[in-house]
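Right, one structure below, let's go through it.
The values are calculated or read from the model by the stated rules, or taken from the named source; none is laboratory data. Computed from a predicted model, the values in this text were never measured in an experiment. So basically every Cβ, Gly included, is an ideal-geometry build from the backbone, and we count neighbours across all protein chains shown.
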Amino acid sequence: MLKTVKDFVNHGDLRRFRFWLQLLLFILFIYGGYAAIQLGDNLPTFSCTYVDGKPGTCFLVPLQHRMVTTPEKLFSYAGMAILTGLFYFTLWFLVFNKAWCGYACPLGTIQDWITALRKKLGFQYVTYSWEQFKKLKKIKYALLLLLIFIPMGIGSGIFSHDMGVPFCMICPARTILPIFSGDFSQLTIDFSSKTKMIMTSLGMLITGIFLVGAFVKKRFFCFFCPMSALHYLLSKPALLKLKKDGSKCTKCGDCYSVCDMQIKDIADDVESRNILRDDCIMCFKCVSACPEEGALEVDFMGQPIFEATVQGYIKRMQKGNKSG
Ligand code: SF4
Ligand code: SF4
Ligand code: SF4
């Protein structure tokens, strides 16, 4: 029985499974609130607070709000509120690890849909050179630091309160996701003060860059996303893991060729057992594309739940579906 279930999963069509799960979770994170679903305010994904029907709120919102405080308060009740929020965020995150990005994040799903559109229209995509890749991947950590320190600067009177919730002001989730419930009100520039005008203009500019970028580069925004940086800092103890058995790897590069995040280690590193890297979105396309029995696997609490198998690889190849 167990073997039948395992074979069913390992030989399955990951691409189709992922498409439907992403769609389902997209509906949940845009309209779930209308069905009275309430998941709390510390979600490790862009369940955007500007969406009317959200079932919960992205953790970056309360984090920024709570950081608008003085250093003294940070070491008293404000600090407690931040730690409590981080605790609930971590609980959510530890179960699914970065699969929040590969399967649940509405902004990630939109990027995949834009990629599908580009493919349909027959345009080629671009990739970063290795040098560009190494430089660009640092941006998400810089953004994470800024979204913590700018609110502290607001709380200490260094920056204007008109900066609002600074990362949200420039985040494409704020401008794009409400559109799916017919709300276009975030697609605007606020002229009520100079600071608001600069922040909302920046937001509009980044929205434009997001749309063009996602069209020419797979998961363009995910390389720069501070949520991804925060995820990675907490990913070691997570229950869901991406593992590699280097002794079974032939370095064929099939996994690398399907990886939207251009993670070279997935093919090149034959030493690490835990092969999750900071840009990984845990889509598991690499596992689906690997032709070597057991070279890559997805584990949950130490138990393999999806493994690379020769049979699975052959089945997917026959369906023209190597990339999952
Ligand atoms: S990296 Fe950011 S934008 Fe991309 S899927 Fe993850 S949370 Fe969403
Ligand atoms: S596809 Fe499998 S065998 Fe090929 S490089 Fe990747 S892990 Fe190694
Ligand atoms: S390494 Fe594998 S799971 Fe991670 S982003 Fe690349 S293809 Fe997806």
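Below are the figures for this structure:
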{"quantity": "Residue, nearest to the chain's Cα centre (by Cα), within segment 169-187, restricted to residues that are farther than 16 Å from I206 by Cβ and of a type in the set (G, A, S)", "calculated": "S181"}
{"quantity": "Index of the failed condition, D268 passing every other in (1) surrounded by 15 or more Cβ atoms within 10 Å (Cβ to Cβ); (2) of a type outside the set (G, A, S); (3) within 13 Å of ligand 3 (Cβ to nearest atom)", "calculated": "(1)"}
{"quantity": "Residue within segment 155-174 that is farther than 25 Å from A78 by Cβ and of a type in the set (D, E, K, R) present", "calculated": "no"}
{"quantity": "Qualifying position, being among the polar types (S, T, N, Q), away from ligand 3 (no atom under 16 Å from the Cβ) and either assigned to a helix (DSSP H, G or I) or out of contact with any strand residue (DSSP E or B) (no Cβ under 9 Å at 6 or more places or on another chain) (or both), among T4, T49", "calculated": "T4"}
{"quantity": "Failed condition for F123, given (1) more than 24 Å from the chain's Cα centre (by Cα); (2) within 27 Å of L233 (Cα to Cα); (3) not acidic (D, E)", "calculated": "(2)"}
{"quantity": "Selected residue [aliphatic (A, V, I, L, M), within 15 Å of ligand 3 (Cβ to nearest atom) and at pLDDT 95 or above] from V216, V258", "calculated": "V258"}
{"quantity": "Matching residues in segment 293-313 - criterion: being hydrophobic (A, V, I, L, M, F, W, C), part of a loop (DSSP other than H, G, I, E, B) and under 22 Å from L234 (Cα atoms)", "calculated": "M301"}
{"quantity": "Test: residue in segment 217-233 that is part of a loop (DSSP other than H, G, I, E, B), among the aromatic types (F, W, Y) and in contact (Cβ under 8 Å) with a residue 12 or more places away in the chain", "calculated": "yes"}
{"quantity": "Single condition F184 does not satisfy, out of (1) within 16 Å of ligand 3 (Cβ to nearest atom); (2) assigned to a loop (DSSP other than H, G, I, E, B)", "calculated": "(1)"}
{"quantity": "Flag if T69 is part of a loop (DSSP other than H, G, I, E, B), β-branched (V, I, T) and under 28 Å from D162 (Cβ atoms)", "calculated": "yes"}
{"quantity": "Condition met for I263 (closer than 27 Å to V126 by Cβ, in contact with a helix residue (DSSP H, G or I) (Cβ under 9 Å, 6 or more places away or on another chain) and either in a helix (DSSP H, G or I) or within 16 Å of ligand 2 (Cβ to nearest atom) (or both))", "calculated": "yes"}
{"quantity": "Filter result (under 22 Å from the mean Cα position of the chain (by Cα) and either farther than 14 Å from D279 by Cβ or not assigned by TED's automatic domain parsing to the domain that holds F59 (or both)) within segment 130-142", "calculated": "A142"}
{"quantity": "Which listed residue, of L94, L144, L121, L83, is free of Cβ contacts under 8 Å to residues at least 12 places away in the same chain and under 29 Å from F300 (Cβ atoms)", "calculated": "L83"}
{"quantity": "Sole exception among (1) in contact (Cβ under 8 Å) with a residue 60 or more places away in the chain; (2) more than 16 Å from ligand 1 (Cβ to nearest atom) for D278, by number", "calculated": "(2)"}
{"quantity": "Which numbered condition Q64 misses (of (1) among the polar types (S, T, N, Q); (2) in a helix (DSSP H, G or I); (3) within 16 Å of ligand 3 (Cβ to nearest atom))", "calculated": "(3)"}
{"quantity": "Segment 271-298 - residue that is among the small types (G, A, S) and surrounded by fewer than 21 Cβ atoms within 10 Å (Cβ to Cβ) and, of those, farthest from ligand 3 (Cβ to nearest atom)", "calculated": "G294"}
{"quantity": "Subset of segment 269-292 [more than 9 Å from ligand 2 (Cβ to nearest atom) and either assigned to a helix (DSSP H, G or I) or under 22 Å from the mean Cα position of the chain (by Cα) (or both)]", "calculated": "N274, L276, R277, D278, D279, C280, I281, M282, C283, F284, K285, S288"}
